[in-house]
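Comments concern the structure below.
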Amino acid sequence: MARSSILGITSTNLLLVMVCPLLAQVPPHPYWNVTCPGCYAPCDKPQFASLPFCNESMTADERVADALARLTLGEKVAATMASASQGFAEPGGFPSIGLPQLMESEALHGLLAGCMPAQPGEKVRCPTSFPAGIGLGATFNRTLWQAIGEAIGTEGRVYHNMKIGKTGLIYWTPDVNLVRDPRWGRAQEVPGEDPFLTGEYAAAFISGMQGKEAYQLAGATCKHFSAYDVEAGRHSFNANVSRRDLVEFHWPAFQKCAEAQVASVMCSYNAVNGVPSCANGEFQNHLLRSSWGFDGVIVSDCEAIRNIAIDHNYTKGNLTAAVAIGIKAGTDTDCGPDEYRDHAGSALQQGLLSEADLNLAIKRVLKASFRLGEFEGNKS
């Protein structure tokens, strides 16, 4: 069979986008209006359509508050699982309101997913793989970054709406860490070493990927917050960083992400000055949310909640305490392997975590789903 990308992007017109972005447009996608009837649309279902959380005259916050009030405690705990693509347990959902769990997937420089099924004689359509971040940064081209973000967002939306593979609607991209040492094993993922360049890259990429419509095309995730640039021993590494270095070097790109209204931020494996990133309420609740205005979901990197207890020994091996600290520090969902789902109930029983703490995390998850149009179905 012939093979092409979903958007019909070839090396020729990708080069045209890179060399002369004003002359090349992302072609319209023939599957854009395809939906999964009944799967992602509680407000299209008669048993939910008349409830307040489906009332379009109410504000988003009012609708989310009504939806949250209808959930059982078990649904809330199950919904703290974030990943659809990492091989951990299947995400939970919200049967009480007919809404599936908000799922998250990889799309660093293109959707991490297999090819679309094809009928005999049809082309096999596969996700587009773009150049890695270090190459894209070297173009110094905001128009290109936005166009690539839009292409990835469109392909992600198509795969999600058509239920192809384990793809979600929030994707873990872009990586906005900075290269301080060329020996870092993930230098190819990021735009480069300059905070300004990386911030501009993030803002343009997010704008393209999330779109400007009433509902987001797909949700972007800026990662890894904060001061992450070591692979060897990354699960236990403690970065000793001066405040000036954080403010001038590590944080500007994440501030740009917040200002661009990014859907999600991922906290990193490492600790900063003795505090594991996913347990750092000063960074996440006060700086990211209160100071910079971030209003999305914070997800842990995969195994980072376990790292709080085991590798950093921050809670002396106590996973229940690590879960409580993570949620209270603003880490809303756990990439896995299921620490939140397995231990949040115990944290509630032991008084380490309140249901109000859990409600705040799930409220952010529901609001992210609302912004992605998951409540509305065909209308989005």
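Return the total of residues in the range 337-370 being assigned to a helix (DSSP H, G or I) and over 14 Å from the mean Cα position of the chain (by Cα).
Total meeting the criteria: 21.
Among all residue pairs at least 6 apart or on different chains, which show Cβ distances below 9 Å where the first residue, located in the range 320-340, is free of Cβ contacts under 8 Å to residues at least 40 places away in the same chain and the second is β-branched (V, I, T) and assigned to a helix (DSSP H, G or I)?
A321/I308; V323/I305; V323/I308; E339/I305; E339/I308; E339/V323
Restricting the first residue to the range 193-217 and requiring it to be closer than 16 Å to P252 by Cα, which pairs with a second residue that is among the polar types (S, T, N, Q) and assigned to a helix (DSSP H, G or I) meet a Cβ separation below 6 Å and a spacing of at least six or different chains?
Pairs found: A204/Q146.
Please indicate, with yes or no, whether at least one residue in the range 40-63 is under 20 Å from Y159 (Cα atoms), modelled with pLDDT of 85 or more and surrounded by 15 or more Cβ atoms within 10 Å (Cβ to Cβ).
Yes; the residues of the range 40-63 include at least one that is under 20 Å from Y159 (Cα atoms), modelled with pLDDT of 85 or more and surrounded by 15 or more Cβ atoms within 10 Å (Cβ to Cβ).
Taking the options A113, A132, name whichever one is at pLDDT 95 or above, open to solvent by 20 Å² or more (accessible area, probe 1.4 Å) and in contact with a helix residue (DSSP H, G or I) (Cβ under 6 Å, 6 or more places away or on another chain).
A132
Name the residue, out of A232, A214, A218, A202, that is hydrophobic (A, V, I, L, M, F, W, C), at pLDDT below 95 and closer than 23 Å to W145 by Cα.
A214
Residue check: is D245 in a loop (DSSP other than H, G, I, E, B) and of a type in the set (D, E, K, R)?
Against the criterion (in a loop (DSSP other than H, G, I, E, B) and of a type in the set (D, E, K, R)), D245 does not qualify.
Given the criteria more than 18 Å from C222 (Cα to Cα) and in contact with a strand residue (DSSP E or B) (Cβ under 8 Å, 6 or more places away or on another chain), does N307 qualify? It would help to see each step written out before you state the result.
On the way: more than 18 Å from C222 (Cα to Cα): yes; in contact with a strand residue (DSSP E or B) (Cβ under 8 Å, 6 or more places away or on another chain): yes.
In short, yes.
Of the residues L197, L217, only one is open to solvent by 10 Å² or more (accessible area, probe 1.4 Å) and in contact with a Lys or Arg (Cβ under 7 Å, 6 or more places away or on another chain); which? Spell out the reasoning first.
Numbers: L197 fails: in contact with a Lys or Arg (Cβ under 7 Å, 6 or more places away or on another chain).
So the residue among L197, L217 that is open to solvent by 10 Å² or more (accessible area, probe 1.4 Å) and in contact with a Lys or Arg (Cβ under 7 Å, 6 or more places away or on another chain) is L217.
Any idea which of D334, D301 is open to solvent by less than 30 Å² (accessible area, probe 1.4 Å), modelled with pLDDT under 95, under 25 Å from D175 (Cα atoms) and within 20 Å of the chain's Cα centre (by Cα)?
The unique qualifying residue is D334.
Listed residues T143, T167; which is crowded, with 18+ Cβ neighbours inside 10 Å, among the hydroxyl-bearing types (S, T, Y) and either assigned to a helix (DSSP H, G or I) or within 17 Å of the chain's Cα centre (by Cα) (or both)?
T167
The values are calculated or read from the model by the stated rules, or taken from the named source; none is laboratory data. As the structure is a computational prediction, the values presented were derived from the model and not from experiment. So basically every Cβ, Gly included, is an ideal-geometry build from the backbone, and we count neighbours across all protein chains shown. Accessible surface is based on the protein model in full, side chains and every heavy atom, while ligands, DNA and RNA are left aside. Shrake-Rupley method; radii C 1.70, N 1.55, O 1.52, S 1.80 Å.
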